[in-house]
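So the structure is just underneath, and the comments pick up after that.
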Amino acid sequence: MFIGYLFAVLAMLSIGILGILSKLADSKGCTPLNATLVLFGGSTVFMGLYVSLVQGQSLNPPRIVSGTALFFGALAVLAFWTFLYGLQFGKITTSWIFMNLSAVVPATLSTFIYHEKIDPLKALILGLVVLSIFLLWKDKQTESGQVANKGEVPARANVKIWITAMLCAFVLNGVCPFGLRVLAGRGLAQQYTAVYLVYWYLAGFAFGLLGLIKARQRLSLANLIIGLIMARRPGKCRIYDGNGGQHVRRSTGRSALLS
């Protein structure tokens, strides 16, 4: 029990560090696409080395594992890219809170897809999340109004762009970890979680690379350094057990998950 709580605390600290690094990347002028590319590329390498050298597992899992990971990994890179893009128009304090509220999305999906029951407490939590999103939106509106009254340039305080990007990131970030729940339903999550994450990150890197090639952008040194630090930050992942319950398990000391 103590170990579980310890991992949960470390996970929260890890997520907080990622938020700080995200804002640092924005302040250094790192483009969202480049930062996302380095994060997922670095995580693919670190996770692949961990699986091969530490766990001694094969990187050739069943197709259902790799296929599920590639699909949800593609959603993950879109989630982080839209978050970084929206962060250009808002503060890390409100944006990161918005992002982390997405934990209710996989719980909601499990309820509808796997017919899990919602007790009054869970229903209350879902209602509070909706209320929180509304309050964050109103806070952003107030902030933008103050900027306009001061006669400042409101380009980076655009409420519509910010709320659209954050809502997209909210949904995508909530859906992208759900692949492990899909594998848990087939009894594969416990055995193939680490290998799954390798393909999950690889999909994000591949989609990010395609975007980089299309945009014809170059990686800056700041992008590379901050992205690699993001990839190497101590991290944990949420794993759904076969009954749909959620617990925290250590996946690797060098992973970088969104949630």
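The values are calculated or read from the model by the stated rules, or taken from the named source; none is laboratory data. These numbers come from a predicted model, not from an experiment. Glycine also receives a Cβ, built like all others from the backbone with ideal geometry; neighbour counts cover every protein chain displayed.
Which of the residues belonging to segment 147-169 are touching a helix residue (DSSP H, G or I) at 6+ places or on another chain (Cβ under 6 Å) and modelled with pLDDT of 80 or more?
Correct list: Trp162, Ile163, Ala165, Met166, Cys168, Ala169.
Evaluate segment 238-245: report whether one residue or more is surrounded by fewer than 21 Cβ atoms within 10 Å (Cβ to Cβ), part of a loop (DSSP other than H, G, I, E, B) and at pLDDT 50 or above.
no
Between a first residue in segment 77-98 that is touching a residue at least 12 places away in the same chain (Cβ under 8 Å) and a second residue that is outside any helix (DSSP H, G or I), which pairs have beta carbons less than 7 Å apart while being 6 or more apart in sequence or on different chains?
As it stands, the answer is Ala79/Leu258; Phe80/Leu258; Phe89/Asn158, since those pairs meet every condition given.
Of the residues that sit in segment 85-110 and are among the β-branched types (Val, Ile, Thr) and touching a helix residue (DSSP H, G or I) at 6+ places or on another chain (Cβ under 8 Å), which one is nearest to Asp139 (Cα to Cα)?
The extreme case among them is Thr94.
Could you check, for segment 177-188, whether at least one of its residues is of a type in the set (Phe, Trp, Tyr), surrounded by fewer than 23 Cβ atoms within 10 Å (Cβ to Cβ), at pLDDT 50 or above and out of contact with any Asp or Glu (no Cβ under 8 Å at 6 or more places or on another chain)?
Yes, the conditions are met somewhere in segment 177-188.
Looking at (1) free of Cβ contacts under 8 Å to residues at least 40 places away in the same chain; (2) in a helix (DSSP H, G or I), find the lone condition where Asn60 falls short.
Failed condition: (2).
Results for (1) closer than 20 Å to Ala203 by Cβ; (2) modelled with pLDDT of 85 or more; (3) surrounded by 22 or more Cβ atoms within 10 Å (Cβ to Cβ); (4) out of contact with any Pro (no Cβ under 9 Å at 6 or more places or on another chain), shown as yes or no for each residue.
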site: Ile17; (1), (2), (3), (4): no, no, no, no
site: Gly29; (1), (2), (3), (4): no, no, no, yes
site: Thr82; (1), (2), (3), (4): yes, yes, yes, no
site: Tyr85; (1), (2), (3), (4): yes, yes, no, no
site: Thr94; (1), (2), (3), (4): no, no, no, yes
site: Ala107; (1), (2), (3), (4): no, no, no, yes
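Looking at this structure, is Phe40 of a type in the set (Phe, Trp, Tyr), surrounded by fewer than 21 Cβ atoms within 10 Å (Cβ to Cβ) and out of contact with any Pro (no Cβ under 8 Å at 6 or more places or on another chain)?
Here the answer is no, as Phe40 does not meet what is asked.
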